[in-house]
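Remarks on the structure that follows.
The values are calculated or read from the model by the stated rules, or taken from the named source; none is laboratory data. Computed from a prediction, not measured in an experiment: that's the story for all the values here. Here Cβ is always computed from backbone atoms with ideal geometry, including for glycine, and neighbour counts include all displayed protein chains. With ligands, DNA and RNA removed, areas are computed over all heavy atoms of the protein, side chains included. Shrake-Rupley method; radii C 1.70, N 1.55, O 1.52, S 1.80 Å.
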Amino acid sequence: MKATLQQPKFLFIRRDNIGDLVCTTPTIAALRQAFPAAYIAALATSYNVAVLDRNPDLDAVFAYTKLKHRPAGQSRLRTLVGRVGLLLQLRKQKFDYVLLASPNYQPRLIRLGRWLSRKGLAGFVDASHANDARFAHRIVESEHPLHEVVDTFRLLTCFGIQGPPPSCRITPDEVEVARLANTLSAQHWHATGPLIGLHISARKESQRWPARAFADLVQRLHQDHGAKFLLFWSPGSSDHPLHPGDDDKATEILNMVIGHPVLACPTQQLHELIAGLSLCNAVICSDGGAMHLAAALDKPIVCFFGRSDATRWHPWGVPYVLLQKESREVSDISVEEAAAAFTQLVAIQR
């Protein structure tokens, strides 16, 4: 595609975690609205790329595999060779602009961005690099606390686009949604209340809520609201060196809620989690990727925050109730507080 003033070619690069990439989707959507005829692509990682699958604002999505995420049995050499091949493929695309979409200075990506762009590199710089001539367009890191969506969105001022940012957006896999919906319909539950998604996994210790608390909350919300539940977790052993899972925690919870309408949903792949969350009426989880996925699916959320910045990372664009204790330990949140938060969330929606 030949680039013109009306039809430029853009490449977003965002290599961070799942939630970071979700928070970039409003920026992608606004760029598409401003340049409807543009060619817009994104470079992500194999770990987070499912966030962008079926995104209507993107013409193409490219992904590479980090060494720590390479499949079992795949050598480091094969992984690196695949990465080089992808970069050569991107070079042939002849992008006009490369946008480093993480709202902080990323010196390791500057050379790559310049190599892939024809007209220039757009990205964030810290105060000491405010005049870095390697950027065609540069935004100085904010001195004030901003939400990740708002901060990332500032990148578009380089192209004359102003806020406010739209909502986050992801699109679930229809086949996976239908599969899980069929599994749900086969449960023959008698409960008639909301379907609540409970995501029990969290990378940080301070973000983890105990199994006993989740089990007690299931019983409480089923009693008070007639709720049904999908129980999501990252499968695997808790002592896995690279990808610790919560199989033991999930089993503990499920054993404590026998007789209650709870469907176990271990999510081996990200698209499975996205599909499951899309079927829920509300979601309860700790701050993390699942929370941002739920927000991008327009789900009301009760969220637990530990040692993370609620100003920067609260759910974007949806009703939510946020619980954070002075101790910054999610484990200090009581079942009574969580149940009251859900009741408050229901009231907000009325």
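In table form, for the structure just shown:
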{"read-out": "Any hit, segment 16-29, residues being out of contact with any strand residue (DSSP E or B) (no Cβ under 7 Å at 6 or more places or on another chain) and of a type in the set (Asp, Glu)", "value": "yes"}
{"read-out": "Test: residue in segment 69-77 that is out of contact with any helix residue (DSSP H, G or I) (no Cβ under 7 Å at 6 or more places or on another chain) and either of a type in the set (D, E, K, R) or at pLDDT 90 or above (or both)", "value": "no"}
{"read-out": "Segment 84-113, subset among the small types (Gly, Ala, Ser) and outside any helix (DSSP H, G or I), residue surrounded by the fewest Cβ atoms within 10 Å (Cβ to Cβ)", "value": "SER102"}
{"read-out": "Near pairs, Cβ below 8 angstrom, 6+ apart or cross-chain, from segment 319-339 (closer than 17 Å to ALA202 by Cβ) to any residue that is at pLDDT 95 or above and among the hydroxyl-bearing types (Ser, Thr, Tyr)", "value": "VAL330/SER286"}
{"read-out": "Among the residues listed as ARG208, ARG138, the single one being under 28 Å from LEU345 (Cβ atoms) and open to solvent by 40 Å² or more (accessible area, probe 1.4 Å)", "value": "ARG208"}
{"read-out": "The one condition in (1) closer than 22 Å to LEU277 by Cα; (2) hydroxyl-bearing (Ser, Thr, Tyr); (3) open to solvent by 60 Å² or more (accessible area, probe 1.4 Å) that SER128 fails to fulfil", "value": "(1)"}
{"read-out": "Number of positions in segment 216-247 that are of a type in the set (Gly, Ala, Ser) and crowded, with 21+ Cβ neighbours inside 10 Å", "value": "2"}
{"read-out": "Residue in segment 72-82 that is open to solvent by 10 Å² or more (accessible area, probe 1.4 Å), touching a residue at least 12 places away in the same chain (Cβ under 8 Å) and within 30 Å of GLU176 (Cβ to Cβ) present", "value": "yes"}
{"read-out": "Entirely in segment 258-350, the helices (runs of 4 or more DSSP H) that have 1 or more residues that are open to solvent by 20 Å² or more (accessible area, probe 1.4 Å), modelled with pLDDT of 95 or more and among the acidic types (Asp, Glu)", "value": "270-278, 335-349"}
{"read-out": "Any hit, segment 189-196, residues being more than 20 Å from ASP298 (Cα to Cα), at pLDDT 95 or above and of a type in the set (A, V, I, L, M)", "value": "no"}
{"read-out": "Boolean, ALA250 is without any contact (Cβ under 8 Å) to a residue 40 or more places away in the chain, open to solvent by less than 20 Å² (accessible area, probe 1.4 Å) and in a helix (DSSP H, G or I)", "value": "no"}
{"read-out": "Selection within segment 17-55 - under 17 Å from the mean Cα position of the chain (by Cα), in contact (Cβ under 8 Å) with a residue 60 or more places away in the chain and surrounded by fewer than 18 Cβ atoms within 10 Å (Cβ to Cβ)", "value": "ASN17, ASP53, ARG54"}
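Yes or no, residue by residue, for (1) touching a residue at least 12 places away in the same chain (Cβ under 8 Å); (2) touching a His at 6+ places or on another chain (Cβ under 7 Å); (3) over 27 Å from PRO8 (Cα atoms); (4) polar (S, T, N, Q):
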{"position": "PHE62", "(1), (2), (3), (4)": "yes, no, no, no"}
{"position": "LYS66", "(1), (2), (3), (4)": "yes, no, yes, no"}
{"position": "TYR97", "(1), (2), (3), (4)": "yes, no, no, no"}
{"position": "TRP115", "(1), (2), (3), (4)": "yes, no, no, no"}
{"position": "CYS158", "(1), (2), (3), (4)": "yes, yes, no, no"}
{"position": "GLY163", "(1), (2), (3), (4)": "yes, no, no, no"}
